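The values are calculated or read from the model by the stated rules, or taken from the named source; none is laboratory data. All figures in this text were calculated on a predicted structure; none of them were measured in a lab. Note: areas computed on protein heavy atoms with side chains; ligands, DNA, RNA excluded. Shrake-Rupley method; radii C 1.70, N 1.55, O 1.52, S 1.80 Å.
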Amino acid sequence: SMGKTKYINPCYCLKLRRASNEITNFYDRILAESGVTISQYSILLNLSHAERGSISELAELSDRDRSTIARNIKPLLRAGLIFDDKDPCARDSRLKLTEKGQSVLYEASILWNKAQKEVNTALGEDGIKTLERLLETLEKL
């Protein structure tokens, strides 16, 4: 008869996804008072460094696909944090931060630093180094 299978190894993928969701929620909670999520903060930050401000450029800068970026910029446009300065004849967007967007980015960056410090404290210096090394290895799979 088939006995119950003992799962000795937990699924790394599921564990990483769970950890990823938890850390995302952690950053989102800390950033909440600025009114943006970690994904939106990342877009505002990348946009502040962008040259063209196109969706393609943002996708490249953040290593995400264009549809994810397009979906994430909609609430930022609605909230008046960014605007599209594109030429009516041009095909590509020219996204830029508004003044409100710049002040939200500033406020969010202070909160982001607070989140980073808390993660640093939780993991310790060696833990952070190990985490970075492991993540780098996983990204190369």
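So here's what we get for this one:
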{"item": "Degrees separating the helix 99-139 axis from the principal Cα axis of the chain, which is the longest one", "result": "30 degrees"}
{"item": "Gaussian network model of the chain, Cα within-10 Å springs - most flexible of Ala108, Ala70, Ala19", "result": "Ala19"}
{"item": "Part-to-part distance (alpha-carbon centres) for the range 116-136 and the range 38-101, which is given in Å", "result": "29 Å"}
{"item": "Potential lengthening between Leu131 and Asp28 on full extension [0.36 nm per residue; Cα-Cα distance subtracted]", "result": "35.0 nm"}
{"item": "Heavy-atom surface of the chain, accessible at 1.4 Å and reported per residue (Å²)", "result": "75 Å²"}
{"item": "Carbon + sulfur, % of accessible area of the chain - ligands and nucleic acids excluded, 1.4 Å", "result": "53 percent"}
